[in-house]
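Note sheet for the following structure.
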Amino acid sequence: MIKQNLEIVEYLEIEGGIPLRGTVEISGAKNAALPNMAATLLTDEEIILENMPNLLDVKTMKDLLSFVGFSIEKLSEKTFSFKQKTINSLVAPYELVSKMRASILVLGPMLSRFKHAKVALPGGCSIGTRPVDLHLSALEKMGADIKVEHGYIIAKAPNGLKGAHINFEKITVTGTENIMMAAVLAEGETVITNAAREPEVVDLAKMLKKMGAKIEGEGTSTIYIKGVKKLHGTKHRIIPDRIEAGTFAVLSALFDGNITIKNYPLEYLEFVNKRLEEIGVYVIPIGKDEIAIKRKKKLKPVDIETKEYPYFPTDLQAQFMTLLSVVDGVSSITENIFENRFMHVPELERLGADIKVKDKTAYIRGVKKLTGAEVKATDLRASAAMVIAGLIAEGTTRIYDIYHLDRGYENIDEKLKKLGAKLRRDMIERTL
Ligand code: UD1
């Protein structure tokens, strides 16, 4: 008898083609919440974070901080207090790091404040190799002694970290954030060149400054940090999620602009909005932080290249591919940040899209319509692309491995149902 190993997987089933309309509110940014939570390690005083999104990745970071010895208290729906209770362990265990790569963000603050840290290596990732070599070499340049043993990064700086000139040979978002957090308590001045300019890096710098850090140049490619002896508590509000906002802009474009978006961070999406205009989709501010989408009857194909902020974000590439898959003509998307971020292509093809990939570029020939099918969510942003595709497709779409979606989209089922979508979740047994 053949023994079969079974696993239980969750899926999302969407009835496609139902017109969506109404208003959706954008949540706090996952990629700002995570580094700002890691920064609470830099002080023994209380930090209060407002506008926190309720996401799986945020829960993983909370679990990590609790494991270290922090007490985390919910003060209201979206406001949390973080306060050091005791220090149990300066370890980020594999069990948590393997769930979320961004756990590496605890390395810089742990090392600078406690002089040692042990963090599991994030390991493989579905969208590419995503190494952390740049984080480690920068910390070594600041005087850390780093070894990788038994799958763990073991970092020590018995005499404290020292300011240094860190030139990132490649722009790295969490790398810039990690070094910024390491440098605020280091001795002397750190200069980061070729730094990431993402709004989430700026948001972290803003909170660190409220804690007493001395930082200049955030938002440009050179950041100057003067180390201080101690940081104190503060209260900080997480910025809106530009990727969630862009995802809903795409959805609204596909539903004739009938979805208005609240808390749309216009200033962070300038480049994306220009791309939308080229396609024939216009983002129109209507009052404070709210936008409407207007679109031309016939949309136009476009060529998009992903690039670090302020250019087109890799995190919106998959969602735009779904949009372009039903725009008449040939569009192209070139992925410059991650080497394996086209895993959604075969899934979109299952729904009837016509896409050819050559090297780093996907060529998308628009089809008249997508048709429902069974597909896989291959990573976080690809899962959003599948949901959009399922909502416009004719018939029923079932998306497996949907947990990816919950890592980065708060309350997505409820938000979509409020707009009129018909969807449900269930579990199924699958052979391993
Ligand atoms: C962050 C975002 C993620 C986004 C990505 C690119 C968070 C929590 N995550 O991820 O949503 O998709 O930026 O905008 O903010 N690299 C190296 N060595 C390193 C570090 C990075 O070679 O030590 C490479 C990566 O493999 C990748 C590129 O640099 O090709 C950019 O990656 P990076 O900006 O570091 O991505 P993350 O910070 O992990």
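The values are calculated or read from the model by the stated rules, or taken from the named source; none is laboratory data. Since this is a predicted model, take the numbers as computed values, not measurements. Quick reminder, even Gly has a Cβ in these numbers, built from the backbone with ideal geometry, and neighbours come from all protein chains shown.
The table below gives the values:
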read-out	value
Residue among Lys62, Lys83 that is within 25 Å of Asn411 (Cβ to Cβ) and among the basic types (Lys, Arg)	Lys62
Subset of the range 138-155 [loosely packed, with under 15 Cβ neighbours inside 10 Å and either away from the ligand (no atom under 16 Å from the Cβ) or modelled with pLDDT of 95 or more (or both)]	Glu140, Asp145, Lys147, Glu149, His150, Gly151
Lys206 loosely packed, with under 15 Cβ neighbours inside 10 Å, away from the ligand (no atom under 15 Å from the Cβ) and under 24 Å from Val58 (Cα atoms)	no
So Met343, is it closer than 30 Å to Val132 by Cβ and surrounded by fewer than 16 Cβ atoms within 10 Å (Cβ to Cβ)	yes
Near pairs, Cβ below 6 angstrom, 6+ apart or cross-chain, from the range 134-149 (over 17 Å from Thr172 (Cβ atoms)) to any residue that is surrounded by fewer than 18 Cβ atoms within 10 Å (Cβ to Cβ) and modelled with pLDDT of 95 or more	Gly143/Lys162; Asp145/Lys156; Lys147/Ile154
Residues satisfying the stated conditions in the range 223-238, i.e. farther than 28 Å from Lys170 by Cβ and not in a loop (DSSP other than H, G, I, E, B)	Thr234, Lys235, His236, Arg237
Selection count, the range 291-337, where residues are within 13 Å of the ligand (Cβ to nearest atom) and within 17 Å of Lys356 (Cβ to Cβ)	3
Strands (runs of 3 or more DSSP E) wholly inside the range 104-222 that include at least 2 residues being polar (S, T, N, Q)	189-193
Any hit, the range 239-256, residues being assigned to a loop (DSSP other than H, G, I, E, B) and of a type in the set (A, V, I, L, M, F, W, C)	yes
Odd one out for Ile146, checked against (1) farther than 23 Å from Thr306 by Cβ; (2) β-branched (Val, Ile, Thr); (3) within 19 Å of the chain's Cα centre (by Cα)	(3)
Entirely in the range 339-385, the strands (runs of 3 or more DSSP E) that have 2 or more residues that are touching a residue at least 40 places away in the same chain (Cβ under 8 Å)	361-365
Positions within the range 194-231 being farther than 16 Å from Lys307 by Cβ and aliphatic (A, V, I, L, M), in sequence order	Val202, Leu204, Ala205, Met207, Leu208, Met211, Ala213, Ile215, Ile223, Ile225, Val228, Leu231
Residue in the range 56-72 that is surrounded by 18 or more Cβ atoms within 10 Å (Cβ to Cβ), away from the ligand (no atom under 16 Å from the Cβ) and in contact (Cβ under 8 Å) with a residue 12 or more places away in the chain present	yes
Residues of the range 265-288 classified as part of a loop (DSSP other than H, G, I, E, B) and surrounded by fewer than 16 Cβ atoms within 10 Å (Cβ to Cβ), total	3
Selected residue (only one of Ala196, Ala213, Ala183 is within 15 Å of the ligand (Cβ to nearest atom) and among the small types (Gly, Ala, Ser))	Ala196
Restricting the range 88-112 to residues that are crowded, with 24+ Cβ neighbours inside 10 Å and more than 16 Å from the ligand (Cβ to nearest atom), the residue that is nearest to the chain's Cα centre (by Cα)	Met110
Test: residue in the range 93-110 that is touching a residue at least 24 places away in the same chain (Cβ under 8 Å), more than 21 Å from Ala33 (Cβ to Cβ) and of a type in the set (A, V, I, L, M, F, W, C)	no
Selected residue (criterion: nearest to Tyr409 (Cα to Cα)) from residues of the range 212-250 that are within 25 Å of the chain's Cα centre (by Cα) and of a type in the set (D, E, K, R)	Glu244
Residues located in the range 25-51, provided they are surrounded by fewer than 24 Cβ atoms within 10 Å (Cβ to Cβ) and closer than 20 Å to Lys85 by Cβ	Thr43, Asp44, Glu45, Glu46, Ile48
